[in-house]
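Quick notes on the structure that follows.
All of the numbers you see were taken from the coordinates with simple rules; none came from a lab. What you see is a predicted model; the values in this text were computed from it and never measured. FYI the Cβ positions are ideal-geometry reconstructions off the backbone, even for glycines, and counts take in every protein chain you see.
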Amino acid sequence: MWYQRQIQLTSSGRETIDITDKVSSLVRESGVQTGLAHVFMQHTSASIMLCENVDSAVRKDLETLIVRIAPDGDPAYQHDYEGEDDMAAHGRSVFTTNDISLSIAGGELALGTWQGLYMWEHRYEPHHRNIMVTVQGE
Amino acid sequence: MWYQRQIQLTSSGRETIDITDKVSSLVRESGVQTGLAHVFMQHTSASIMLCENVDSAVRKDLETLIVRIAPDGDPAYQHDYEGEDDMAAHGRSVFTTNDISLSIAGGELALGTWQGLYMWEHRYEPHHRNIMVTVQGE
Amino acid sequence: MWYQRQIQLTSSGRETIDITDKVSSLVRESGVQTGLAHVFMQHTSASIMLCENVDSAVRKDLETLIVRIAPDGDPAYQHDYEGEDDMAAHGRSVFTTNDISLSIAGGELALGTWQGLYMWEHRYEPHHRNIMVTVQGE
């Protein structure tokens with residue numbers, strides 16, 4: 001059984017957006033009891049992320065860490081068409097991920113108690129983002 | 001054909017644990033000849049990792065690298081409820097991964113010669129960890 | 001429906017190689033209309049990567065970033081059997097990824113406009129690399 005839908009979101013700039021409920025709803029709509037939900041960001045400057053879902057400071061601290069790995073406006077960058085966050089966003093995307101597959105058990109996403117699913121916008125300006133969700137199973 | 005089982009492990013603190021044989025056994029039990037095995041860590045402070053499987057120094061060196069990326073007890077962290085390894089563990093998890101899908105061919109995991117599958121515990125203290133394995137195929 | 005093929009490539013040393021067309025062709029050959037394509041690097045010193053596909057400077061800049069995270073010949077490394085790029089290659093592999101699943105919609109890879117799929121060779125010398133592609137769907 002295959003069930004495929006696109007989630008469309010508009011970020012307000014660099015931020016994380018909780019998409020757990022949106023994906024959970026699609027899993028329920030699909031009727032799949034045992035299977036997988038594949039969540040795919042169709043862009044190279046935003047990520048899909050599993051993250052602790054209680055304390056929003058965790059996501060602030062992740063921001064602290066990732067700007068060290070992929071700094072904005074690094075003088076070494078050759079690619080800077082769209083500003084100082086352009087290449088940084090591609091780096092942030094590659095060092096995290098664009099696709100995550102989640103287990104489905106008993107008709108629900110089999111997430112741990114403190115696992116939430118997030119979209120992570122890496123650009124400074126608001127962007128429209130397409131996320132393809134493909135649910136399969138029996 | 002779908003076959004889903006949970007692996008439960010207890011770490012002895014920060015370490016890597018080889019889970020290749022456990023996952024390989026589940027693939028054989030499933031009877032799947034051609035397909036995929038999805039391995040999912042249901043926690044945000046431990047990872048699933050593919051790694052060179054001959055020289056354990058590789059995993060020691062990965063530890064050397066990852067503490068630079070997500071340092072323990074970084075003074076910039078806002079999230080430190082559970083000690084200096086708390087936020088570091090979330091960072092280590094996000095910069096590696098919680099889910100890996102492996103090809104199955106000829107009824108076996110289609111790993112390269114030197115590929116092993118590991119759980120990577122990021123916390124200092126022993127933790128119970130649940131890993132959901134979902135095998136599908138024909 | 002399952003369709004599994006191996007892509008074999010020889011790198012000319014550290015570089016990125018665009019494999020989007022190769023994987024797209026396999027998706028078309030499979031006849032799958034709605035589903036997933038799983039792309040798996042069967043090695044621990046090369047990666048599979050989604051990346052911006054217009055400006056090759058993006059991949060040069062990613063190289064600039066990743067050598068900071070997993071430096072060649074770091075004096076702290078214990079694992080150096082095969083030279084200064086040996087352990088660095090394992091680190092680069094773990095901090096990016098070896099497996100990516102891509103959505104298939106309307107019989108084609110559902111990539112964003114600027115998303116390309118690349119193999120990233122991390123070793124200095126040319127290497128033969130096996131990539132297993134598993135296409136499934138309906």
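Quick look at the numbers
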quantity: 0 to 90° range, to nearest 10: angle between helix C:20-30 axis and chain C longest Cα axis; calculated: 30
quantity: Of the GluC sites (Glu not before Pro) in the stretch A:1-87, those whose Cβ has at most 15 other Cβ within 10 Å and which sit in DSSP loop; calculated: A:E82, A:E84
quantity: Net dipole in debye of the protein assembly as shown [+1 Lys, Arg Cβ; -1 Asp, Glu Cβ; about Cα centre; nearest 20]; calculated: 1100
quantity: Phi to ³J(HN,Hα) by Karplus 6.51 cos²θ - 1.76 cosθ + 1.60 over the stretch B:111-123, Hz, x for Gly, Pro; calculated: 7, x, 3, 10, 9, x, 10, 10, 8, 10, 6, 9, 8
quantity: Potential lengthening between B:E108 and B:D21 on full extension [0.36 nm per residue; Cα-Cα distance subtracted]; calculated: 30.2 nm
quantity: Candidate lysines for bridging to A:K22, where Cα separation is under 25 Å - those fewer than 8 sequence places away on the same chain excluded; calculated: A:K60
quantity: Semi-axis lengths (Å, descending) of the ellipsoid that matches the C-alpha gyration tensor of chain B; calculated: 30, 16, 12
quantity: Helix A:57-69 vs. chain A, principal-axis angle (Cα, 0 to 90°, nearest 10); calculated: 50
quantity: Using a 7 Å Cα-to-Cβ projection, C:Q78 label spacings across copies, nm, ascending; calculated: 3.8, 3.8
quantity: Copies compared at A:E108 - label distances in nm, ascending, label defined 7 Å from Cα in the Cβ direction; calculated: 3.9, 3.9
quantity: Inter-copy label distances at A:R5 (7 Å, Cα→Cβ; nm, one decimal); calculated: 3.4, 3.4
quantity: Gaussian network model of chain A, Cα within-10 Å springs - most flexible of A:Q115, A:Q33, A:Q78; calculated: A:Q78
quantity: Computed [θ] at 222 nm, helices only, for chain C once each DSSP H run of length n ≥ 4 contributes -39500 (n - 2.57); calculated: -7500 deg cm²/dmol
quantity: Shielding by partners, peptide C:131-138 (average Cβ within 10 angstrom, other chains); calculated: 4
quantity: Lys/Arg +1, Asp/Glu -1 at C-beta; the stretch C:2-137 dipole; positive extreme among C:T44, C:S25, C:P71; calculated: C:S25
quantity: Folded to 0 to 90 degrees: helix A:86-95 orientation relative to chain A principal axis, Cα; calculated: 40
quantity: Relative contact order [Cα under 8 Å, 6+ residues apart], chain C, whole percent; calculated: 53
quantity: Calculated on alpha-carbon atoms, Rg and Dmax of the stretch B:1-50 in Å; calculated: 12.3, 36
quantity: FRET efficiency, A:M1 to C:A57 (Cβ-Cβ, R0 60 Å, nearest 0.05); calculated: 0.90
quantity: About the Cα centre, charge dipole magnitude for the stretch C:1-106 (Lys/Arg +1, Asp/Glu -1 at Cβ), debye; calculated: 500
quantity: The stretch B:35-87: equivalent-ellipsoid semi-axes (sqrt of 5 x gyration tensor eigenvalues, Cα, Å); calculated: 26, 18, 7
quantity: Rotationally averaged projected area of the protein assembly as shown (alpha carbon convex hull; nm²); calculated: 17.7
